[in-house]
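Only one structure is covered here, and it is reproduced in the block below.
The values are calculated or read from the model by the stated rules, or taken from the named source; none is laboratory data. As the structure is a prediction and not an experimental result, all values here were calculated from the model. Virtual Cβ from ideal backbone geometry, glycine too; neighbours counted across all protein chains shown. Side chains are part of the model used for accessible areas, which takes the heavy atoms of the whole protein and leaves out ligands, DNA and RNA. Shrake-Rupley method; radii C 1.70, N 1.55, O 1.52, S 1.80 Å.
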Amino acid sequence: RRAKQEVARELPQKIEQSIFFQLEGAQRNLYDRLKHTGQQEIEKMESAGASQGAVRMHVFKQLLRLRQACCDPRLIESDRPASESAKLAAFRELLDEAIDAEHRMLVFSQFVSLLSLVRQELEQSEIPYAYLDGQTRDRQSEVDRFNDDPQIPVFLISLRAGGTGLNLTGADTVVHYDPWWNPAVEAQATDRAHRIGQTRVVTSYRLIATNTVEERVIELQAAKRKMLEQVFDASDAASANLSLDDLKSILTPD
């Protein structure tokens, strides 16, 4: 069996792009409020003599909430309207362009709750889709349904459930809805489409909210890749071998 590097010349080109957008209005206000409140809580805990472990866990919690706020305010406050999500608007524009150009798309997210919101959007627009997360019983039948039916333009996939081991060469576009901070994991997900059997150029997009923790992590990836792998690829956040200063550097630029 040959390694992918040995057959790379047989594969079509892979193009990677980041799409940057701004949080505005209510979503920006929500993000800023969460960030301000979280930082106040951290300072209060430290002043009260809380253990470093307790403070670290609170920072992890804040990072999670800020990442969710970048994706869709409804992940924080369920009664907010879909129209507040700048990322959903950016995704819809990308999806509509892909459908018009007869491309087929894989959409990866770490958050099953987010995939549920995207499903609602697709159903309201009467766009056919395939779906896979950790609760999907027959993964292969869903994969086959997507690969065999060109009338299904989009496949929603939980990154943990479908980031490896699937052959999805029916798609030629990959969207990382909420970027995975470990680039190797992200690349593995993209390779569900960019693999032996693919005949078309594969384009991979990351959706990045500017002036947020998302953009901050992208900036830090090259310099502190190992640190970011520990933060976001650890199955147990408490076991990540990071200093508190490292964690805070993600929340606030140096």
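Of all residues in the stretch 103-131, those being more than 16 Å from ALA89 (Cα to Cα), hydrophobic (A, V, I, L, M, F, W, C) and more than 15 Å from the chain's Cα centre (by Cα) number 1. Scanning the stretch 121-133 for residues that are in contact with an Asp or Glu (Cβ under 9 Å, 6 or more places away or on another chain) and not in a loop (DSSP other than H, G, I, E, B) yields TYR129, ALA130, TYR131, LEU132.
Screening GLY49 against (1) open to solvent by 30 Å² or more (accessible area, probe 1.4 Å); (2) outside any loop (DSSP other than H, G, I, E, B) leaves a single unmet condition, (2). All of PRO179, PRO183 fail the test of being at pLDDT below 90 and closer than 24 Å to GLN39 by Cα, apart from PRO179.
Selection within the stretch 196-249: residues that are modelled with pLDDT of 75 or more, β-branched (Val, Ile, Thr) and in a helix (DSSP H, G or I). The member of this set that is surrounded by the most Cβ atoms within 10 Å (Cβ to Cβ) is VAL213. Here PHE20 clears all of (1) assigned to a helix (DSSP H, G or I); (2) open to solvent by 50 Å² or more (accessible area, probe 1.4 Å) except the condition numbered (1). Could you tell me whether the stretch 107-120 includes any residue that is part of a helix (DSSP H, G or I), open to solvent by 40 Å² or more (accessible area, probe 1.4 Å) and aliphatic (A, V, I, L, M)? Looking through the stretch 107-120, at least one residue is part of a helix (DSSP H, G or I), open to solvent by 40 Å² or more (accessible area, probe 1.4 Å) and aliphatic (A, V, I, L, M).
Here THR164 passes the criteria (1) open to solvent by 10 Å² or more (accessible area, probe 1.4 Å); (2) part of a loop (DSSP other than H, G, I, E, B); (3) modelled with pLDDT under 80; (4) under 16 Å from SER18 (Cβ atoms) except the one numbered (4).
Regarding LEU63, is this residue modelled with pLDDT of 95 or more, aliphatic (A, V, I, L, M) and either open to solvent by less than 60 Å² (accessible area, probe 1.4 Å) or farther than 30 Å from VAL175 by Cα (or both)? Criteria not met by LEU63. Selection within the stretch 29-38: residues that are open to solvent by less than 50 Å² (accessible area, probe 1.4 Å) and out of contact with any strand residue (DSSP E or B) (no Cβ under 9 Å at 6 or more places or on another chain). The member of this set that is modelled with the lowest pLDDT is GLY38. Would you check if LEU94 is part of a helix (DSSP H, G or I), open to solvent by less than 30 Å² (accessible area, probe 1.4 Å), touching a residue at least 24 places away in the same chain (Cβ under 8 Å) and closer than 19 Å to ILE19 by Cα? It is true that LEU94 is part of a helix (DSSP H, G or I), open to solvent by less than 30 Å² (accessible area, probe 1.4 Å), touching a residue at least 24 places away in the same chain (Cβ under 8 Å) and closer than 19 Å to ILE19 by Cα.
Note on the stretch 75-87: residues that are part of a helix (DSSP H, G or I), in contact (Cβ under 8 Å) with a residue 24 or more places away in the chain and open to solvent by 40 Å² or more (accessible area, probe 1.4 Å) amount to 1.
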